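Here is the structure we will look at.
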Amino acid sequence: MASIADNRPAAEALGTFERWLSLWVALAIGAGIALGNLAPGLFASLAAFEYASVNLVVAVLIWAMIYPMMVAVDFASLRDLGQRPKGLVLTVIVNWLVKPFTMAALAVLFFEVVFADLIAPGDARQYIAGLILLGAAPCTAMVFVWSQLTRGDPAYTLVQVSVNDVIMVFAFAPIVALLLGVAEIAVPWQTLLLATGLYVVLPLVAGALTRRCLVRRAEGDDAAVTRFVARLKPLSILGLLLTVVLLFGFQAQVIVARPLLIALIAVPIVIQSYGIFALAYLAARAWRIPHPIAAPCALIGTSNFFELAVAVAIGLFGLGSGAALATVVGVLVEVPVMLSLVAIANRTRAGFAP
């Protein structure tokens with residue numbers, strides 16, 4: 001087994017990559033806001049490319065982001081579920097029995113009580129819907145980055161992601177529908193199911209089939225998958241950056257006109273992020289889960305599959321909706337919050353079981 005010192009150069013390289021990615025995301029956010037205000041007609045034209053309430057431009061870009069990550073998911077790893085089950089059990093509990101409901105509760109608390117005098121009721125329901133979508137979509141793609149930055153166990157992280165994706169196929173739509181119903185928000189089932197199939201089921205199937213073909217051609221050598229995903233990585237990053245430009249371009253005029261609103265939406269997201277991390281991380285420590293499993297476990301629950309949340313929000317409520325804006329604010333908050341939590345996890349490593 002490699003020592004921590006052996007892994008340090010790789011961790012530092014990933015840290016550098018993540019800082020550069022954060023910079024490019026920040027530039028994409030700025031470009032989106034600037035272009036959205038300078039050329040609103042362009043974004044209005046892009047918004048018109050849709051079918052069954054799904055924006056086709058956003059769909060292509062999100063597929064470019066998701067597909068490489070889905071190829072990396074090895075469902076054969078599900079055979080290892082019986083080994084060291086604690087981290088997996090904690091991941092499932094936090095992701096599917098806690099996080100969606102705490103996010104919904106915080107959304108209702110802030111937008112129907114704390115901020116009730118600042119936001120119209122109709123707008124508040126839209127923001128609540130967007131936050132519900134964020135809370136019901138635990139992270140998939142970026143989990144591998146967060147895991148590597150905390151020197152997590154890559155094989156175990158793969159098992160966690162695989163199980164998480166299988167559960168998402170069956171649980172995402174019902175949980176979203178339940179929480180939207182509790183919040184008295186109409187649920188367009190047809191669009192919800194279409195978005196779930198388009199952004200969860202189909203990428204998973206396409207990724208699994210691609211992986212199977214690659215391994216078969218390489219006569220069982222999994223390195224072929226690694227090389228394939230590495231070649232697609234620039235496409236994935238480009239898809240992320242262009243998606244960010246589009247999303248912030250679509251909402252640019254609102255962001256510039258109402259900066260206070262952006263701050264208000266960010267409040268429950270930030271509280272949720274640090275609260276879920278603390279819950280999972282401290283529970284892992286109390287349960288004596290080793291740090292290479294505990295840190296990714298906590299970060300999976302904290303981070304969001306914002307690509308899915310944004311796409312579904314656009315499909316359900318429209319590009320210019322408050323729900324879509326709330327998920328876009330989730331993108332804005334995600335990177336700095338997650339980097340701060342990575343730093344906390346790395347500094348508290350000594351307090352965990354070996």
Notebook entry, point to check: Helix 99-109: angle to the longest alpha-carbon principal axis of the chain, degrees 0 to 90, nearest 10?
Noted result: 30
Next item on the list: Calculate how steeply helix 154-182 sits against the longest principal axis of the alpha-carbon atoms of the chain, using the helix alpha-carbon long axis, and give the answer as 0 to 90 degrees to the nearest 10.
Entry: 30
Checklist line | the chain: angle of helix 291-302 to the longest principal axis, Cα-based, in degrees nearest 10 | finding: 10
Check: Accessible surface of MET338 in the full protein assembly, 1.4 angstrom probe, to the nearest 10 Å²?
Finding: 0
Notebook entry, point to check: By accessible area of protein heavy atoms, probe 1.4 Å, what ranking do TYR274, TYR67, TYR51, TYR156 get, highest first?
Noted result: TYR51, TYR274, TYR67, TYR156
Next item on the list: Determine the principal axes of the Cα atoms in the chain, then give the extent along each, sorted from largest to smallest and rounded to whole angstroms.
Entry: 56, 45, 36
Check: Ordering ARG211, ARG151 from largest to smallest accessible area (1.4 angstrom probe), what's the sequence?
Finding: ARG151, ARG211
Item checked: Gaussian network model of the chain, springs between alpha carbon atoms under 10 Å - residue of SER303, SER22, SER45 with greatest fluctuation -> SER45
Check: Using the heavy atoms of the protein chains alone and a 1.4 angstrom probe, what is the accessible area of segment 289-354 per residue in square angstrom?
Finding: 24
Check: Just PHE75, PHE144, PHE248 to compare: in a GNM of the chain, with alpha carbon springs under 10 Å, which one fluctuates most?
Finding: PHE75
Margin query: Using only DSSP helix segments of four residues or longer, with each worth -39500 (n - 2.57), what per-residue ellipticity at 222 nm results for the chain after dividing by its residue count and rounding to 500?
Written below: -25000 deg cm²/dmol
Notebook entry, point to check: Excluding ligands and nucleic acids, what accessible area in Å² is computed for LEU56 using a 1.4 Å probe, to the nearest 10?
Noted result: 90
Check: Considering the chain as a Gaussian network with a 10 Å cut-off on Cα pairs, which listed residue, PRO296, PRO100, PRO85, attains the greatest mean-square fluctuation?
Finding: PRO85
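Go through CYS139, CYS213 and list them by solvent-accessible area, largest first, probe radius 1.4 Å.
Output order, biggest surface exposure first: CYS213, CYS139.
The values are calculated or read from the model by the stated rules, or taken from the named source; none is laboratory data. Just so you know, these numbers come straight off a predicted model, no measurement behind them. Surface accessibility is based on the protein's heavy atoms, side chains included, excluding ligands, DNA and RNA. Shrake-Rupley method; radii C 1.70, N 1.55, O 1.52, S 1.80 Å.
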